[in-house]
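What follows is a short report on a single structure.
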Amino acid sequence: MKRKLARGIAVIAIALGAGQLVQGMSNKAAPVRVAEDKLAKKPEKLERVAATDIATKPAAALAEPAQPKPPLLAEAATLPAVVTPAEVAPVAKIAPQEPAPVVQAVVDPCPVTLELSTAENALISLTLVAPCHANERVVLKHAGLTVTAKTTVTGALFTDLPALVQDATVEVMFKDNSAVEASVSVPQLATLRRFAVQWQQDDAFQLHGFEAGSDFGGAGDVTAATPHQPAAGVPAKGGFLSVLGDASTDLPMLAQVYTYPKDSAAKPEIVVEAAVTEATCGREVLGQTLQTVPGAVKITDMSLAMPECDAIGDYLVLKNLVPDMTIAAAN
């Protein structure tokens with residue numbers, strides 16, 4: 001009897017436990033079905049996307065909740081593609097431009113101009129303008145010929161020089177050792193010959209050109225007293241003499257130049273004389289002769305021992321100067 005009672009109580013207890021278990025399981029299964037119903041209602045497209053994501057993403061990524069994409073990343077999709085340095089075209093370097101230098105005009109307060117032109121009988125016409133060299137002694141140089149001159153109160157000088165070479169250059173030197181020069185072509189010189197004598201200060205000489213067999217003082221004696229200068233603009237028919245240099249300047253440099261035709265049938269005789277004066281007696285006088293030769297000038301130094309002062313008024317005469325120079329006589 002006791003065994004039957006115990007068995008019945010055990011059966012009842014098992015039945016009660018099984019009922020509670022079935023009831024609990026029924027309560028939990030319902031929500032699952034609801035969730036499955038909601039998923040069943042979603043479009044098929046969404047289910048495929050979810051399946052793809054699940055298949056491709058790692059498990060750790062699926063375990064984390066999806067984060068919204070930052071706005072910056074969304075905008076980055078519209079930015080241009082990144083260009084690598086190799087794809088960038090080289091840019092020419094532009095050197096910085098330096099400011100242009102300011103050029104200031106320099107005005108010479110004392111401009112000097114020298115102009116040369118040719119005149120009849122192979123003369124060089126000289127025009128000098130030097131406002132800051134007014135009333136000043138100047139030295140003119142040309143092919144070995146050297147003479148002094150003096151500018152006007154306005155610093156101007158107008159004079160003529162016999163050309164000694166066809167490609168003539170004239171230099172003007174001032175008191176302060178500054179100088180100016182110019183050049184000119186003198187083709188007329190090809191038909192002429194020239195002989196000159198030059199000296200300094202008191203060492204005076206006189207040049208004679210005896211034409212047509214003339215003697216001292218004759219009609220054909222071309223000298224400083226009778227220079228036979230042709231009229232302006234008229235070609236010379238015979239020889240003529242040019243007296244150069246300003247004797248009023250300090251340390252004057254003076255010269256005489258005799259010009260004669262190259263093809264003259266009767267060649268003139270050229271003589272240089274030196275007077276015995278108070279300034280020259282008893283001492284040595286110095287000078288130079290200049291003779292034109294084809295394409296050049298022949299320059300010869302002269303040195304004369306003058307007689308004592310009891311011979312004042314006499315002359316030393318130099319003959320045969322072309323081509324040789326000798327002392328011929330003493331008057």
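With all protein chains kept in place, the per residue accessible area of region 234-323 amounts to 51 square angstrom at a probe of 1.4 angstrom. When only alpha carbons of region 189-240 are considered, Rg and Dmax amount to 12.6, 34 Å. Could I get the Rg over Rh figure for region 121-213? Both from C-alpha atoms, Rh via Kirkwood, rounded to two places. Computed over Cα atoms, the ratio is 1.01.
Take the Kirkwood radius over Cα pairs of region 195-320, plug it into Stokes-Einstein at 25 °C and 0.890 mPa s, and you get 158 µm²/s for translational diffusion. Each Lys or Arg adds one and each Asp or Glu takes one away; over the other residues whose Cβ falls under 9 Å from the Cβ of G209, this sums to -3. The gain in end-to-end length when the T226 to Q201 segment is fully stretched comes to 6.8 nm, 0.36 nm per residue minus the alpha carbon separation. Summing Cβ point charges (Lys, Arg +1; Asp, Glu -1) relative to the Cα centre of region 184-237 gives a dipole of roughly 340 debye. Placing one equal scatterer on every Cα of region 103-162 and applying the Debye formula, the log10 ratio I(q)/I(0) at q = 0.15 Å⁻¹ is -0.52.
The values are calculated or read from the model by the stated rules, or taken from the named source; none is laboratory data. Note that the structure is a prediction, hence the values are computed from the model and not measured. Using ideal geometry, Cβ is built from the backbone for each residue, glycine included, and neighbour counts are taken over all protein chains shown. Remember, those area values only see protein heavy atoms, side chains included, never the ligands or the DNA or RNA. Shrake-Rupley method; radii C 1.70, N 1.55, O 1.52, S 1.80 Å.
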